[in-house]
Amino acid sequence: MTERETKRETKRRAVLSGSVFEEQIGYARAVVDGDWVHVSGTTGFDYATMTISDDVVEQAEQCLRNIGAALEEAGSGFPDVVRVRYLLPERADFEPCWPVLRRVFGQVRPAATMMMCGLADPRMKIEIEVYARRGSGERV
């Protein structure tokens, strides 16, 4: 890696998904800071169409697609995730999501927390936030 590439990689940079929320609220889907990738709380909206399913499991799957895209753009991936937070308004909605979450994180085993809280839009049933350290996980 050249000196210029090294400097570029250690600079902070924003990863944008194209969500209207990023523009309206003033945040980035993710921020790369050196080897760390901080992915904002991500909901189940399909950002291309700005639609969201009524089903919490489908929302969880879309959350993970959105997060996966942000991680990829940041030069990272799910194997690099070291911390995950699940935010849900309804406790009963968490367990139906477990198979989807286990499929992505079952081998990674990041530190995890589930919190019950209100979300910004009543259509949102789950929000997921992750931290990843680039190059820390084994690619599968």
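At-a-glance table
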item: Every residue from region 110-140 that is without any contact (Cβ under 8 Å) to a residue 40 or more places away in the chain and either surrounded by 15 or more Cβ atoms within 10 Å (Cβ to Cβ) or within 16 Å of residue 64 (Cβ to Cβ) (or both); result: 110, 112, 114
item: Considering residues of region 45-59 that are polar (S, T, N, Q) and either assigned to a loop (DSSP other than H, G, I, E, B) or open to solvent by 60 Å² or more (accessible area, probe 1.4 Å) (or both) only, the residue nearest to residue 113 (Cα to Cα); result: 53
item: Qualifying residue in region 60-69 (condition: touching a helix residue (DSSP H, G or I) at 6+ places or on another chain (Cβ under 7 Å), in contact (Cβ under 8 Å) with a residue 60 or more places away in the chain and not in a loop (DSSP other than H, G, I, E, B)); result: yes
item: Residue in region 78-91 that is under 22 Å from residue 123 (Cα atoms), of a type in the set (A, V, I, L, M, F, W, C) and open to solvent by 60 Å² or more (accessible area, probe 1.4 Å) present; result: no
item: Of all residues in region 1-21 being under 23 Å from residue 62 (Cα atoms) and modelled with pLDDT of 85 or more, the one that is surrounded by the fewest Cβ atoms within 10 Å (Cβ to Cβ); result: 14
item: Positions within region 22-44 being open to solvent by 10 Å² or more (accessible area, probe 1.4 Å) and among the aliphatic types (A, V, I, L, M), in sequence order; result: 25, 28, 31
item: Any pair with Cβ under 6 angstrom, 6 or more apart, that starts in region 35-50 at a residue that is closer than 15 Å to residue 88 by Cα and ends at one that is assigned to a strand (DSSP E or B) and among the aliphatic types (A, V, I, L, M); result: 42/128
item: Number of the condition not met by residue 68 [criteria: (1) open to solvent by 30 Å² or more (accessible area, probe 1.4 Å); (2) within 22 Å of residue 18 (Cα to Cα)]; result: (1)
item: Residues being in a helix (DSSP H, G or I) and among the aliphatic types (A, V, I, L, M) - total across region 18-44; result: 2
item: Hits in region 100-109 - residues which are open to solvent by 60 Å² or more (accessible area, probe 1.4 Å) and either touching a residue at least 40 places away in the same chain (Cβ under 8 Å) or farther than 12 Å from residue 60 by Cβ (or both); result: 107, 109
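The values are calculated or read from the model by the stated rules, or taken from the named source; none is laboratory data. Just so you know, these numbers come straight off a predicted model, no measurement behind them. Virtual Cβ from ideal backbone geometry, glycine too; neighbours counted across all protein chains shown. Heads up: the accessible areas ignore ligands, DNA and RNA and are worked out on the full protein's heavy atoms, side chains in. Shrake-Rupley method; radii C 1.70, N 1.55, O 1.52, S 1.80 Å.
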